[in-house]
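These notes are about the structure you will find just below.
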Amino acid sequence: QAQMVESGGGLVQPGGSLRLSCTRSGGTFKAYAMGWFRQGSGKEREFVAAINWSGSSTVYGDSVKGRFTISRDNAQNTVYLQMSSLKPEDTAIYYCAVRQYNYQPSSDARDYTSWGQGTQVTVSS
């Protein structure tokens, strides 16, 4: 089974920036599609961004488009989420996930097979 470890979360002020990383291990070590989701307290899990196997195709949720950028470095088995112009509404636990055995991105959490433990992002003044 694939395993993911997220890092980079923390407390930032509105308008600030933060970069999350997710390192994958285990499984077949092929470059499958990856995604980022988030879940605020008392809220449903929300799609943030996804990326295909090579990094040439990305998909973003409407609430983060233009502010967040997803990228990957397959040599490092790592996916990144660069977050800029952060807002208090971005406060959530951020999870990375792998769509194992599939190379295309998806905004549907049900398409992903393995999830990381999450990292907390808090945006507050």
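Observations on the model:
- Net charge dipole, the range 1-51: roughly 100 debye, given to the nearest 20, about the Cα centre with Cβ charges of +1 for Lys and Arg and -1 for Asp and Glu.
- Accessible area per residue was computed with a 1.4 Å probe on protein heavy atoms; D73 scores about 60 Å².
- Prolate/oblate/rounded call for the range 2-45, Cα gyration tensor, a/c under 1.5 rounded: prolate
- The share of accessible area on the range 1-102 that comes from carbon and sulfur is 45 percent, using a 1.4 angstrom probe.
- Computed on the chain, with alpha-carbon pairs under 8 angstrom and 6+ residues apart, the relative contact order is 36 percent.
- At the residue level, T69 shows approximately 70 square angstrom of accessible surface with a 1.4 angstrom probe and all protein chains present.
- Mean-position separation - Cα centroids, the range 63-90 and the range 18-62, in angstrom: 9 Å
- Taking all protein chains together and rolling a 1.4 Å probe, S124 ends up with roughly 60 Å² accessible.
- Net charge in the neighbourhood of V79 (other residues with Cβ under 10 Å of its Cβ; Lys, Arg +1, Asp, Glu -1) is 0.
- With protein chains left intact and a 1.4 Å probe, residues in the chain average 50 Å² of accessible area per residue.
- For R67, the shell of other residues with beta-carbons less than 10 Å away shows a net charge of +1, using +1 for Lys and Arg and -1 for Asp and Glu.
The values are calculated or read from the model by the stated rules, or taken from the named source; none is laboratory data. Computed from a predicted structure; not experimentally measured. All Cβ positions, glycine included, derive from the backbone under ideal geometry; neighbour counts span all protein chains shown. Please note that ligands, DNA and RNA were not included when accessible areas were found on the heavy atoms of the full protein model with its side chains. Shrake-Rupley method; radii C 1.70, N 1.55, O 1.52, S 1.80 Å.
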